[in-house]
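Notes for the one structure printed next.
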Amino acid sequence: MREAWMSETSIKSEVDFEANGKQSGFLRLPHSVHRSAYGWIPIPMTSIKNGEGPTLVIMAGNHGDEYEGQIAISNLALTLEPGDILGRLILLPMVNAPAGEAGSHTSPIDNGNLNRLFPGNASGCPTEMIAHYIEEVVMPLADYSVDLHSGGSSLFYPPTLLRGQGHSAEETEALISLQEAFDLPYAWVFTSGGGRNSTARTAMGAANRKGVINVMAELGGGGEVTPDILKRTERGLRRIMHSLGMLPDYVPDQAQGTRELNAKGSVYAYAAGLFEPLKSIGEDVAEGELVGLIHHPDTPEAEPDRITSPYAGIALCRRAMAQVVRGDAVYQIASDAEPHRDQE
């Protein structure tokens, strides 16, 4: 009996997922603390349901310092009405609400990194409880899901879709369709993992385990909102909905095309100091090439440490913060994707 009780969520939804129409409310996450013995943490959400069609879950704020997705989803919740869509749209603009309110990558309550805690724990810390609810309650409702991220405070990405390669011809076709609809400049295509046997501790892993066709996106970063990236995000989400038959009156503009990449690895700082990047995002990088310097203004006569890339490819993301310590990632390097066997 104890194991059965522990597997059941104690998060309560103010929104009826099965009801037609538009509803906004909160997921109530119980949180008993000194100032509020019977309190709960509010996690905002909106459900819009009308007619026959697929269920699409769009969420952001998995990390609280990633902003384009939070704004884009809020704008969808504000502007879309039931008559605009076919199917069901579940919007979670700030899924790790404590982190979002603090503007922090992780939760200030338990230091939890939501995207490292799936499948979660129904009776664990607040962040584990959120992960459990998303995986065990929300994802089983979905046919498709989109998880919106950015580089957060420490990194900056160009608009980049992330997806698996698919474990059947049908799944591969569906993932490519979402990629083409989102129409971001880059797509990071994973070379392994995914599927119902996924062991990933991420929201993508949760979706894969529940059989949901899903993609993720990295959209800017550096602790700021980039107007062009926000515009591309909102455009891409509406294009995805249209491609799924959920936004029938929307007229998409012409696709701009996506460059598919495979990640090679990250480049790290091996000293503390101030990071000077020598490569721009999207710029070619050769193996062994000098890509950055670490300066030591506390010891002005000291030579800067040199950072070289162990990989050849392009700079897919770059550190946004100048201060570094040993172990900080300063670049991620990727190269053009090789065809998957299901795509050849």
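The values are calculated or read from the model by the stated rules, or taken from the named source; none is laboratory data. Because the structure is a prediction, the values reported are computed rather than measured. We place every Cβ from the backbone using ideal geometry, glycine too, and count neighbours over all the protein chains shown. Quick note on the areas: whole protein, heavy atoms, side chains included, nothing else; ligands and nucleic acids left out. Shrake-Rupley method; radii C 1.70, N 1.55, O 1.52, S 1.80 Å.
Here is how the numbers come out for the structure above:
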{"quantity": "Filtered residue count, region 80-99, keeping only those that are open to solvent by 10 Å² or more (accessible area, probe 1.4 Å) and farther than 16 Å from Pro44 by Cα", "calculated": "6"}
{"quantity": "Hits in region 164-188 (condition: of a type in the set (Ser, Thr, Tyr) and open to solvent by 10 Å² or more (accessible area, probe 1.4 Å))", "calculated": "Ser168, Ser177, Tyr186"}
{"quantity": "Residues of region 312-330 that turn out to be under 17 Å from Lys264 (Cβ atoms) and β-branched (Val, Ile, Thr), as a count", "calculated": "2"}
{"quantity": "Region 299-321, subset in a loop (DSSP other than H, G, I, E, B), open to solvent by 50 Å² or more (accessible area, probe 1.4 Å) and touching a residue at least 12 places away in the same chain (Cβ under 8 Å), residue nearest to Arg259 (Cα to Cα)", "calculated": "Tyr311"}
{"quantity": "Matching residues, region 210-229, being in contact with a strand residue (DSSP E or B) (Cβ under 8 Å, 6 or more places away or on another chain) and closer than 29 Å to Val137 by Cα", "calculated": "Val212, Ile213, Asn214, Val215, Met216, Ala217, Glu218, Leu219"}
{"quantity": "Qualifying residue in region 327-341 (condition: within 27 Å of Ser153 (Cα to Cα), open to solvent by 70 Å² or more (accessible area, probe 1.4 Å), in a loop (DSSP other than H, G, I, E, B) and in contact (Cβ under 8 Å) with a residue 12 or more places away in the chain)", "calculated": "no"}
{"quantity": "Residue in region 13-42 that is modelled with the lowest pLDDT, counting only those that are of a type in the set (A, V, I, L, M) and in a strand (DSSP E or B)", "calculated": "Val33"}
{"quantity": "Subset of region 107-163 [in contact (Cβ under 8 Å) with a residue 24 or more places away in the chain, open to solvent by 30 Å² or more (accessible area, probe 1.4 Å) and either outside any loop (DSSP other than H, G, I, E, B) or under 23 Å from Gly53 (Cβ atoms) (or both)]", "calculated": "Arg116, Glu136, Val137, Pro140, Leu141, Asp143, Tyr144, Leu155, Phe156"}
{"quantity": "Residues of region 49-58 satisfying the condition of being in contact with a helix residue (DSSP H, G or I) (Cβ under 6 Å, 6 or more places away or on another chain) and within 11 Å of Gly87 (Cβ to Cβ)", "calculated": "Asn50, Thr55"}
{"quantity": "Test set (1) under 22 Å from His149 (Cβ atoms); (2) surrounded by fewer than 15 Cβ atoms within 10 Å (Cβ to Cβ); (3) of a type in the set (S, T, N, Q) - Thr233 fails condition number", "calculated": "(2)"}
{"quantity": "Qualifying positions in region 55-72 - hydroxyl-bearing (Ser, Thr, Tyr) and more than 16 Å from Ala102 (Cα to Cα)", "calculated": "Thr55"}
{"quantity": "Options Ser10, Ser74; residue that is open to solvent by 20 Å² or more (accessible area, probe 1.4 Å) and in a helix (DSSP H, G or I)", "calculated": "Ser74"}
{"quantity": "When residues of region 16-33 are limited to those that are more than 18 Å from Asp110 (Cα to Cα) and charged (D, E, K, R), the one surrounded by the most Cβ atoms within 10 Å (Cβ to Cβ)", "calculated": "Lys22"}
{"quantity": "Filter result (of a type outside the set (Lys, Arg), open to solvent by 50 Å² or more (accessible area, probe 1.4 Å) and either free of Cβ contacts under 8 Å to residues at least 24 places away in the same chain or closer than 14 Å to Ser335 by Cα (or both)) within region 259-272", "calculated": "Glu260"}
{"quantity": "Meets criteria (free of Cβ contacts under 8 Å to residues at least 24 places away in the same chain and either open to solvent by 30 Å² or more (accessible area, probe 1.4 Å) or closer than 25 Å to Val138 by Cβ (or both)) for Tyr250", "calculated": "yes"}
{"quantity": "Subset of region 198-210 (residues that are of a type outside the set (A, V, I, L, M, F, W, C) and modelled with pLDDT of 95 or more)", "calculated": "Arg201, Thr202, Gly205, Asn208, Arg209, Lys210"}
{"quantity": "Among the candidates Ala263, Ala207, Ala217, Ala203, residue that is out of contact with any Leu (no Cβ under 9 Å at 6 or more places or on another chain) and of a type in the set (Gly, Ala, Ser)", "calculated": "Ala207"}
